[in-house]
């Protein structure tokens, strides 16, 4: 709910209403015959799964990032070659445990 409150405050500050706003949840799911194969699928998407150091800390985990990476790569980012490189770099710093915690990973 904390993030929905942030969205509501931002909308109000912009003079907008959330009357037509519908929240949703996106969960990454990786299923394979062997757990390691499913984990490898999650590893490829780490930056998309755990895209915010702030969010990772709020979930009770830590991730150490270089200081040039922003706290939230999705906020106010224009999609450029440089921003895509930042996402790739973030993924290299997200531990497997964090990516698994933010996903559903298992065997068939």
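Bear in mind that the values in this text are calculations on the coordinates, not laboratory data. Computed from a prediction, not measured in an experiment: that's the story for all the values here. Backbone-built Cβ (ideal geometry, glycine too); neighbour counts: all protein chains shown.
With everything on Cα atoms, drop me the angle between helix 81-93 and the longest principal axis of the chain, reported from 0 to 90° to the nearest 10.
50 degrees
To the nearest 500 deg cm²/dmol, what mean residue ellipticity at 222 nm is calculated for the chain from DSSP H runs of n ≥ 4 alone, each contributing -39,500 (n - 2.57), summed and divided by the residues? Before the final figure, lay out the partial values.
Working: 6 runs with 50 residues, N = 108.
It comes out at -12500 deg cm²/dmol, rounded to the nearest 500.
Which of the peptides 26-34, 89-97, 9-17, 48-56 is most tightly packed, and how do the rest follow, going by the mean number of other Cβ atoms within 10 Å of each residue?
Values: 26-34: 12.2, 89-97: 15.4, 9-17: 10.0, 48-56: 19.0.
Highest mean packing first, the order is 48-56, 89-97, 26-34, 9-17.
Can you sort 69, 25, 39, 79 by how many other beta carbons sit within 10 Å, fewest first?
Numbers: 69 14, 25 4, 39 17, 79 8.
Ordered from fewest to most neighbouring Cβ atoms within 10 Å, 69, 25, 39, 79 come out as 25, 79, 69, 39.
What nm distance separates the two modelled labels at residue 23 and residue 35, each placed 7 Å from Cα along Cα→Cβ?
3.2 nm
Using the alpha-carbon atoms, what tilt in degrees (0 to 90, nearest 10) does helix 2-13 show relative to the longest principal axis of the chain?
30 degrees
What per residue convex hull volume, in Å³, comes out for the chain when only alpha-carbon positions are used?
On the way: hull volume 13.9 nm³, N = 108.
Per residue, the Cα convex hull of the chain comes to 128 Å³.
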